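Working notes, structure below.
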Amino acid sequence: MDVIVRPTSELKGEIGALSSKNYTTRYLLVAALAEGTSTVHYPAHSEDSDAMRRCIQDLGAVLEEDDEKIVITGFGRNPKDVKELNVGNAGAVLRFLMAVTALCPEVTFVNSYPDSLGKRPHDDLIEALGGMRVEIEHRDGKLPITIRGGNPKGGKIKVSGAVSSQYLSALLFLTPLLVEDSEIEVLGDLKSKVVVGQTLEVLEQAGIIIHASDDYMNFRIPGGQTYQAKTYTVQGDYPGSAAILAAAAVTKSDVKIFRLAEKSKQGERAVVDVLQMMDVPLTHTDGTVHVQGNGRLRPVEFDGDAATDAVLAMVAAAVFADGTSRFYNVENLRYKECDRITDYLNELRKAGANVEERQAEIIVHGRPSGLEGGVEINAHYDHRVIMALTVVGLRCKKPLVIKDAHHVAKSYPQFFDHISALGAAVEWV
């Protein structure tokens with residue numbers, strides 16, 4: 001389905017932040033790896049988190065869910081022998097489970113999104129697992145991928161962090177369950193270190209001991225550990241809220257978003273700081289971000305590596321700033337559901353934005369008077385692109401049509417309901 005976004009001058013109202021997708025997928029996984037029954041309060045509902053629900057059930061976890069919580073009886077270090085898993089378009093779920101299913105005799109991950117996840121590389125994780133005596137059949141590092149494991153070996157493990165931190169997180173979930181102690185060395189630069197911090201936070205809550213160097217480049221993991229059954233509460237999601245906050249920033253607004261913890265370890269919490277740097281009138285107290293936008297923004301320079309999933313929304317706000325903004329250290333955006341630099345900027349140009357790209361940078365020459373719009377644009381099946389283009393559409397002179405906007409459900413199924421409730425003129429077609 002497509003969405004028409006019409007010019008909208010004012011947003012007003014209050015919403016609760018979506019539950020965090022990143023924390024939900026991690027809590028579901030550690031609950032499945034525990035021996036016993038765990039409870040996860042306020043889990044996210046999205047295509048990604050639903051993919052993790054579906055796959056851990058296939059692997060033997062028992063799930064019972066109501067409106068507020070999900071109760072999970074785990075399979076521990078003994079996942080069920082399944083032949084096939086379908087993670088949909090969820091890259092993090094695929095990578096985490098590629099490691100976990102090394103405990104299984106043989107599992108094939110099928111490719112149901114050939115134009116999105118099917119194009120993404122997984123070579124670095126494949127190479128690391130291969131060094132742990134796991135046999136892997138793949139297509140140049142891409143789906144479909146067959147894992148033949150059953151008895152992975154710990155010890156000295158090396159993994160590249162240059163493309164994604166998800167490979168490292170995957171190994172951190174697996175290695176505590178192995179007989180041997182393990183040492184993981186990260187090769188090259190490590191992208192999205194903040195997200196590794198989230199993984200370590202969840203593992204610690206699950207009773208797992210991991211000794212990490214301060215720079216997250218070396219890890220010592222005692223073997224023979226057991227995940228403990230625990231109770232977890234999922235915090236509000238900054239990556240999804242980033243687009244709502246950006247929308248409030250570029251319009252005349254009086255918008256409050258609840259459930260956004262000030263001291264969250266989510267790197268995307270930086271969207272609040274960046275909008276303040278752009279002179280957006282906002283406050284952040286008691287878990288509530290209150291934006292009283294006037295549509296006037298100053299340009300900004302920002303290192304986006306620690307806030308990867310909020311960068312596109314920040315760029316959307318910068319499109320209307322009075323001057324040139326630069327978002328740097330963002331090369332890993334190229335390896336997401338689409339190339340979030342080239343593909344996204346091409347669509348922004350169609351709408352009338354003045355943007356440039358480097359290999360690891362996005363440069364935005366702001367147009368405070370707004371964009372022309374009046375075109376049909378392609379979101380490349382990418383939920384973050386869909387949300388960011390919606391922000392841009394609010395300040396176009398003519399409507400924008402966003403193709404295949406239903407893919408926003410990957411992380412934020414209620415996005416258009418929420419932004420419409422605040423007054424945005426959006427319509428499904």
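Just a few scattered comments:
- Residue check for LYS158: crowded, with 22+ Cβ neighbours inside 10 Å and in the same structural domain as VAL100 (by TED's automatic domain parsing): no
- Whether a residue is of a type in the set (A, V, I, L, M), over 28 Å from SER20 (Cα atoms), buried (at least 17 other Cβ atoms within 10 Å of the Cβ) and without any contact (Cβ under 8 Å) to a residue 60 or more places away in the chain was assessed, and ALA351 passes this test.
- Considering the conditions (1) surrounded by 15 or more Cβ atoms within 10 Å (Cβ to Cβ); (2) within 21 Å of SER182 (Cα to Cα); (3) of a type outside the set (Asp, Glu); (4) over 26 Å from the mean Cα position of the chain (by Cα), GLY76 is excluded by exactly one of them, (4).
- If the condition is being surrounded by 23 or more Cβ atoms within 10 Å (Cβ to Cβ) and under 30 Å from VAL62 (Cα atoms), then segment 1-18 contributes only LEU18.
- The set of residues in segment 86-108 being in a strand (DSSP E or B) and surrounded by fewer than 23 Cβ atoms within 10 Å (Cβ to Cβ) consists of THR108 alone.
- Of the strands (runs of 3 or more DSSP E) lying entirely inside segment 224-326, those containing at least 1 residues that are of a type in the set (Ser, Thr, Tyr) and either modelled with pLDDT of 95 or more or over 30 Å from GLU183 (Cβ atoms) (or both) are 231-233, 252-258, 282-285, 288-291.
- Counted residues, segment 134-187 - those being within 21 Å of the chain's Cα centre (by Cα) and basic (Lys, Arg): 1
- Residue match in segment 233-243 (condition: more than 26 Å from GLY393 (Cβ to Cβ) and buried (at least 16 other Cβ atoms within 10 Å of the Cβ)): yes
- Whichever residue in segment 273-304 is surrounded by fewer than 23 Cβ atoms within 10 Å (Cβ to Cβ) and under 20 Å from the mean Cα position of the chain (by Cα) and, among such residues, is nearest to VAL196 (Cα to Cα): ASP303
- Any hit, segment 188-197, residues being in contact with a strand residue (DSSP E or B) (Cβ under 7 Å, 6 or more places away or on another chain) and not in a loop (DSSP other than H, G, I, E, B): no
- Residue that is surrounded by the fewest Cβ atoms within 10 Å (Cβ to Cβ), among those in segment 39-73 that are part of a loop (DSSP other than H, G, I, E, B) and in contact with a strand residue (DSSP E or B) (Cβ under 7 Å, 6 or more places away or on another chain): GLU68
- Criterion: touching a residue at least 40 places away in the same chain (Cβ under 8 Å), closer than 17 Å to VAL429 by Cβ and not charged (D, E, K, R) - qualifying residue of HIS380, HIS365, HIS406: HIS406
- LYS12 satisfies every condition listed in (1) out of contact with any His (no Cβ under 8 Å at 6 or more places or on another chain); (2) within 29 Å of ARG148 (Cβ to Cβ); (3) at pLDDT 95 or above except (2).
Here's the yes/no breakdown for (1) of a type in the set (S, T, N, Q); (2) under 16 Å from VAL93 (Cβ atoms):
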{"residue": "LEU143", "(1), (2)": "no, yes"}
{"residue": "THR146", "(1), (2)": "yes, no"}
{"residue": "GLY149", "(1), (2)": "no, no"}
{"residue": "GLU180", "(1), (2)": "no, no"}
{"residue": "GLU183", "(1), (2)": "no, no"}
{"residue": "VAL194", "(1), (2)": "no, no"}
{"residue": "GLY197", "(1), (2)": "no, no"}
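- Scanning segment 299-329 for residues that are in contact with a strand residue (DSSP E or B) (Cβ under 9 Å, 6 or more places away or on another chain) and farther than 18 Å from GLY240 by Cα yields a total of 15.
- Residue within segment 159-168 that is touching a residue at least 24 places away in the same chain (Cβ under 8 Å), farther than 26 Å from TYR27 by Cβ and among the aliphatic types (A, V, I, L, M) present: yes
- Criterion (polar (S, T, N, Q) and in contact with a helix residue (DSSP H, G or I) (Cβ under 6 Å, 6 or more places away or on another chain)) met by exactly one of ASN111, ASN86: ASN111
- Residue match in segment 28-36 (condition: among the hydrophobic types (A, V, I, L, M, F, W, C) and more than 21 Å from the chain's Cα centre (by Cα)): yes
- Residue list for segment 179-222, filter: touching a residue at least 40 places away in the same chain (Cβ under 8 Å), polar (S, T, N, Q) and over 22 Å from LYS336 (Cβ atoms): SER182, GLN205
- Boolean, GLY130 is free of Cβ contacts under 8 Å to residues at least 24 places away in the same chain, of a type outside the set (Asp, Glu) and closer than 25 Å to ASN332 by Cβ: yes
The values are calculated or read from the model by the stated rules, or taken from the named source; none is laboratory data. Everything quoted here is computed from the prediction, not taken from an experiment. Note that each Cβ is placed from the backbone with ideal geometry, even for glycine, and that neighbours are counted across all protein chains shown.
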